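Q: Pasting a structure below so you can have a look.
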Amino acid sequence: MALDPEWSAPVYNLGLIYKYQGDWHRSRECNKRATELDPDDEASWWNLGIAATALGDWPEARRAWSACGMTPPDGDGAPDFRWGMTPVRLEPNGDGEVVWARRIDPARAEIDSVPLPTSPYRWRDVVLTDGAEEGQRIVDGRVYSVFNALQLLSPSQFQTFVIELGTESEEAINALGELAVDAEAGAEYWGKSTRTICRACSLGLPDGHSHEKGPPAHPHFGLAVPQESEARAVIDKWLERTPGADMITFYAVPRSA
């Protein structure tokens, strides 16, 4: 940068380093400078949008997304592109759990799955996401890009409760999920919705390796509500009204740092 102040590449790369350090002020300034030096470099614009989003600098984020060829919704505040569902990898340097989330804009997503008990994230948390595709998932013939979460932006009010089921009845377990939805709670039967796959498949496209036939990542049921009393209300209603319903125990999962 000192030898050639007009060269955009090292300025972009320094902004990239600051991005992965979570130093959003410096990342924003470096990427802003890189776009001034090379207005056609979409990568710099994209990382400028991510840094501006992390800082809540919505005018700058909107300017960046517009430069990338996207049209933000009308207004001056946080944009909601309403892009539908996307898979997000919550801890890229940890367990690498991939969940489904509602993609709000190019750099924000609201978690729609109930993350596993080992996760520091919760249902309805809003996370900052990177812009690079890091794997793919296929649902009903459609290919979805996986994006890595960079950090928690806005924590939700919900807690995760683990229900150790005493039944394998599919009808009874489905009824529990329906009661949770009726109570506007998050519900996830991890025994059916999770699987453990190798890193290569997670970062690529899961292709039917034999490991996909193994046990689920967690055999229990996840319930997301703000208070324990609300969890008890759902569970009590389920036990009283549902044939075959049976529970061993349930417990809250503290949100880790």
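The values are calculated or read from the model by the stated rules, or taken from the named source; none is laboratory data. Predicted model, so just to flag it, every value in this text is computed and none were measured. Positions of Cβ are generated from backbone atoms using ideal geometry, with glycine treated the same way; all protein chains shown enter the neighbour counts.
Q: Report whether or not PRO106 is surrounded by fewer than 17 Cβ atoms within 10 Å (Cβ to Cβ) and not hydroxyl-bearing (Ser, Thr, Tyr). Steps first, answer last, please.
A: On the way: surrounded by fewer than 17 Cβ atoms within 10 Å (Cβ to Cβ): no; not hydroxyl-bearing (Ser, Thr, Tyr): yes.
So PRO106 does not fit the description; no.
Q: Checking the conditions here, which among ALA101, ALA43 is assigned to a helix (DSSP H, G or I), without any contact (Cβ under 8 Å) to a residue 60 or more places away in the chain and either in contact with a Phe, Trp or Tyr (Cβ under 6 Å, 6 or more places away or on another chain) or not polar (S, T, N, Q) (or both)? Break it down stepwise before answering.
A: Details: ALA101 fails: assigned to a helix (DSSP H, G or I).
After applying the criteria, what remains is ALA43.
Q: Taking the condition of being surrounded by 18 or more Cβ atoms within 10 Å (Cβ to Cβ) and either part of a loop (DSSP other than H, G, I, E, B) or in contact with a helix residue (DSSP H, G or I) (Cβ under 8 Å, 6 or more places away or on another chain) (or both), how many residues in the stretch 64-87 meet it?
A: 5
Q: Something else: Taking ALA224, is it surrounded by fewer than 16 Cβ atoms within 10 Å (Cβ to Cβ) and either small (Gly, Ala, Ser) or under 30 Å from LYS19 (Cβ atoms) (or both)? I'd like the intermediate steps shown before the answer.
A: On the way: surrounded by fewer than 16 Cβ atoms within 10 Å (Cβ to Cβ): no; either small (Gly, Ala, Ser) or under 30 Å from LYS19 (Cβ atoms) (or both): yes.
Spelling it out, it is not the case that ALA224 is surrounded by fewer than 16 Cβ atoms within 10 Å (Cβ to Cβ) and either small (Gly, Ala, Ser) or under 30 Å from LYS19 (Cβ atoms) (or both).
Q: Can you name every residue in the stretch 133-189 that is more than 21 Å from the chain's Cα centre (by Cα), outside any helix (DSSP H, G or I) and not small (Gly, Ala, Ser)?
A: ILE163, GLU164, LEU165, THR167, GLU168
Q: How many residues are out of contact with any helix residue (DSSP H, G or I) (no Cβ under 8 Å at 6 or more places or on another chain) and closer than 22 Å to ARG142 by Cα when one looks only at the stretch 88-100?
A: Initially, the stretch 88-100 is screened for residues out of contact with any helix residue (DSSP H, G or I) (no Cβ under 8 Å at 6 or more places or on another chain), giving 88, 90-95, 97, 99-100.
Checking the rest, the ones that are also closer than 22 Å to ARG142 by Cα come to 88, 90, 97, 99-100.
So the answer is 5.
Q: Checking the structure you have, find out if any residue of the stretch 8-21 is surrounded by fewer than 12 Cβ atoms within 10 Å (Cβ to Cβ) and not in a helix (DSSP H, G or I).
A: First, the residues of the stretch 8-21 that are surrounded by fewer than 12 Cβ atoms within 10 Å (Cβ to Cβ): 20-21.
Those left that are additionally not in a helix (DSSP H, G or I): none.
Checked against the condition, which is being surrounded by fewer than 12 Cβ atoms within 10 Å (Cβ to Cβ) and not in a helix (DSSP H, G or I), the stretch 8-21 yields no hits at all.
Q: Sticking with this structure for a sec: Quick one: count up the residues across the stretch 197-240 that are among the charged types (D, E, K, R), modelled with pLDDT of 95 or more and either in the same structural domain as GLY94 (by TED's automatic domain parsing) or farther than 16 Å from VAL162 by Cβ (or both). Break it down stepwise before answering.
A: Start the filter on the stretch 197-240 by keeping residues that are among the charged types (D, E, K, R), which leaves 199, 207, 212-213, 228, 230, 232, 236-237, 240.
Cutting the leftovers down to modelled with pLDDT of 95 or more gives us 228, 230, 232, 236-237, 240.
Subset that is either in the same structural domain as GLY94 (by TED's automatic domain parsing) or farther than 16 Å from VAL162 by Cβ (or both): 236-237, 240.
Final tally of qualifying residues: 3.
Q: Counting just the residues of the stretch 109-145 that are among the β-branched types (Val, Ile, Thr) and surrounded by fewer than 16 Cβ atoms within 10 Å (Cβ to Cβ), which one comes out nearest to GLY49 (Cα to Cα)? Steps first, please.
A: Keep residues of the stretch 109-145 that are among the β-branched types (Val, Ile, Thr), which gives 111, 114, 118, 126-127, 129, 138-139, 143.
Add one more test, that the residue is surrounded by fewer than 16 Cβ atoms within 10 Å (Cβ to Cβ), and what stays is 118, 138-139, 143.
Working: THR118: 30, ILE138: 28, VAL139: 29, VAL143: 25 Å.
Checked the stretch 109-145; the qualifying residue nearest to GLY49 (Cα to Cα) is VAL143.
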